[in-house]
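Below: one structure, written as structure tokens.
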Amino acid sequence: QVKWKGKDLFDLVCRTLGLRETWFFGLQYTIKDTVAWLKMDKKVRTKVHKIPEWFGLEGTLKVILFQALAMDRDISLERGQAAKFPSSLNSLQVKKQILDEKIFCPPEASVLLASYAVQAKYGDYDPNVHKRGFLAQEELLPKRVINLYQMTPEMWEERITAWYAEHRGRARDEAEMEYLKIAQDLEMYGVNYFAIRNKKGTELLLGVDALGLHIYDPDNRLTPKISFPWNEIRNISYSDKEFTIKPLDKKIDVFKFNSSKLRVNKLILQLCIGNHDLFMRRRKADSLEVQQMKAQAREEKARKQMERQCLAREKQMREEAERTRDELERRLMQLKEEATMANEALMRSEETADLLAEKAQITEEEAKLLAQKAAEAEQEMQRIKATAIRTEEEKRLMEQKVLEAEMLALKMAEESERRAKEADQLKQDLQEARESERRAKQKLLEITSKSSYTQSMNSSTTALPTDLPSFSLISESLSFDFKDTDMKRLSMEIEKEKVDYMEKSKHLQEQLNELKTEIEVLKHKERETALDILHNENSSRGNSKHNTIKKVS
């Protein structure tokens, strides 16, 4: 609307997006290659904002996050119930800045950040779903890092997936929060750089971030030459293109520099005011609204934890049920195999019994035939004895024939007896074969009954439910007393949380060092950029973002 001021438009955007932590945000637009921030106390449709350029081809309007996240407190405690949207928005912005190489990120940290980005997008790692090549179309690493090592895309994917698998159980907002916790320790994170000149005309860079103002060499954006923490600055102001920083200690000289345009000085002052406001906010007792948001965040976190535990239990029960089902299926297959073997044994027993019965019948017929021949021999012998032999020679011959007939009859009797015994033995073998057949049929019947019971158990198991030109930093409205009891308590709380955060990051640093050592042998030394060399030098000296700023302050 015509009468709207910047705050009216900003409030409308916040209501539309559901933002509650409005102090983190601002409306930013680009005008003539210069970034500018919407002034909350000015009308939108004025020459100050030049609104036609917002929606024309010369500029764009967008919502971005102040790059002034807390460095000395747990980042998750800075957010209230609406933390999901701010963390998602900020993590996407930081990811884009890292991939566009606007923020320098070492290779090992790039891999770790990529694993958290994958966790936020795909959820928990599942080897059956996330197979080799599932990250082929994803842009996860800066091109500088990829070109620096003799590694194929498959090798990068393997290392990203190894860390991705360790993030199991983290929800999307938790993975995004871990991404921001790691990214906020990068030297260029949250720093807005501006080209300036000192009194001697030397070209320098001014960096504005959540910790204060920093002066850099143009060739080294990682390590500041001079730093002015917010709590050591008394006043900042500008006159035309000259910008002045007055330290709190009057013994220290005033620092002055010149920028290229008046518009740049206005932007620098706006960023200083915004970052200093956040700096002061973090060191004051929480307002009732923030306390309520933190309480809601804790309740939401507890509720999500209970939901995750419930889901974990259900998943465990489902896995156990699937294991039981697989075991029953395996047992069923085993029983089917046993039934098949029993059927085959039964068929062999029946064939053996038939052969034995046939053989017994043949033996019995042979025994009857021999008995008949023995009877005929006996009759012949009796007839010969009854015949009178007249001559001695005939008598002797007759006696010899009788003897031979008796011997033949004796042999036939023995053979008949042997055949009879063999027939009895065959009958006994036939009886045993039939008994074995009966036992095989009984075992087959038992196995069939077990199989039907297993199938019923399997079906019952598988049916489980699935469920301003001048700005003073020592005005009364922004002053604070560190002797106050609440502030002492808050300081102790901040220190405690800082120690906890350092302990948590120790294991992370060990992982980063391990990966760095592993891939160091594959590095192209000749492809290292100036920022890579500077980062390695800082790492070898043991310099980090925070202790470097303390040294140069």
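Determine, at each q value in 0.17, 0.18, 0.26 (inverse angstroms), the log₁₀ of I(q)/I(0) that the Debye formula gives when each Cα of the range 144-197 is one equal point scatterer.
Scattering profile of the range 144-197, log10 relative to I(0): -0.82, -0.88, -1.04.
Counting only other residues whose beta carbon sits under 14 Å from that of Ala530, what net charge do I get with K and R as +1, D and E as -1?
Charge balance near Ala530 sits at -4.
Full-extension gain between Met398 and Leu17, please, as 0.36 nm times their residue separation minus the C-alpha to C-alpha distance.
On the way: separation 381, 0.36 × 381 = 137.16 nm, distance 13.71 nm.
Value of the extension gain: 123.5 nm.
Evaluate E = 1/(1 + (r/R0)^6) for Arg298 and Lys441, where r is the Cβ-Cβ distance and R0 equals 51 Å; express this FRET efficiency to the nearest 0.05. It would help to have the intermediate numbers written out before the result.
Working: r = 71 Å, r/R0 = 1.39.
That gives a FRET efficiency of 0.10.
Going from the alpha-carbon gyration tensor of the range 347-420, what semi-axes, largest first and in whole Å, does one get by taking the root of 5 times each eigenvalue?
Values for the range 347-420, descending: 41, 9, 6 Å.
Do the alpha carbons of any pairs in Lys32/Lys246; Lys95/Lys304; Lys32/Lys261; Lys39/Lys261; Lys523/Lys551 sit beyond 21 Å of each other, and which pairs? Please list the in-between numbers first.
Numbers: Lys32/Lys246 30 Å; Lys95/Lys304 26 Å; Lys32/Lys261 12 Å; Lys39/Lys261 19 Å; Lys523/Lys551 31 Å.
The pairs that break the limit, which is 21 Å between Cα atoms, are Lys32/Lys246; Lys95/Lys304; Lys523/Lys551.
Quickly rank 111-120, 179-188, 153-162 as a protection proxy: mean count of other C-beta atoms within 10 Å, highest first.
Result, highest mean Cβ count within 10 Å first: 111-120, 179-188, 153-162.
Using only the Cα atoms of the range 109-202, each taken as one equal point scatterer with no solvent, compute I(q) by the Debye sum, divide by I(0), and report log10 of the ratio at q = 0.11, 0.13 Å⁻¹.
Treating every Cα as an identical point scatterer, log10 I(q)/I(0) equals -0.41, -0.52.
How far apart, in nm, are the 7 Å Cα→Cβ label points at Asp424 and Met155?
Going from the Asp424 label point to the Met155 one covers 8.9 nm.
If the chain between Ala285 and Ile362 were fully stretched, how many nm would it gain, using 0.36 nm times the residue separation less the Cα-Cα distance? If you can, show how the numbers build up before the last one.
Working: separation 77, 0.36 × 77 = 27.72 nm, distance 11.27 nm.
That pair, Ala285 and Ile362, stretches by 16.4 nm at full extension.
What nm value, rounded to one decimal, do you get for the distance between Asn513 and Lys241 when each label is placed 7 Å out toward the C-beta?
Going by the 7 Å Cα→Cβ label model, 4.9 nm.
How far apart, in nm, are the 7 Å Cα→Cβ label points at Ile146 and Val129?
With each label point 7 Å from Cα toward Cβ, the separation is 2.6 nm.
Over the Cα atoms of the range 292-450, how large are the radius of gyration and the largest Cα-Cα distance (Dmax), in Å?
According to the Cα coordinates of the range 292-450, Rg and Dmax are 40.6, 149 Å.
In Å and from the alpha-carbon atoms only, list the Rg and Dmax of the range 192-284.
Answer for the range 192-284, Rg first and Dmax second: 12.7, 40 Å.
Fully extended, how many nm does the chain gain between Glu432 and Arg383 (0.36 nm per residue separation, minus their Cα-Cα distance)?
Working: separation 49, 0.36 × 49 = 17.64 nm, distance 4.60 nm.
This chain segment gains 13.0 nm when fully extended.
Here, each number is a calculation from the coordinates, and none is a lab measurement. Small disclaimer: the values here were computed from a predicted structure and weren't measured. Counting neighbours? That spans all protein chains shown, and the Cβs are built from the backbone with ideal geometry, glycine included.
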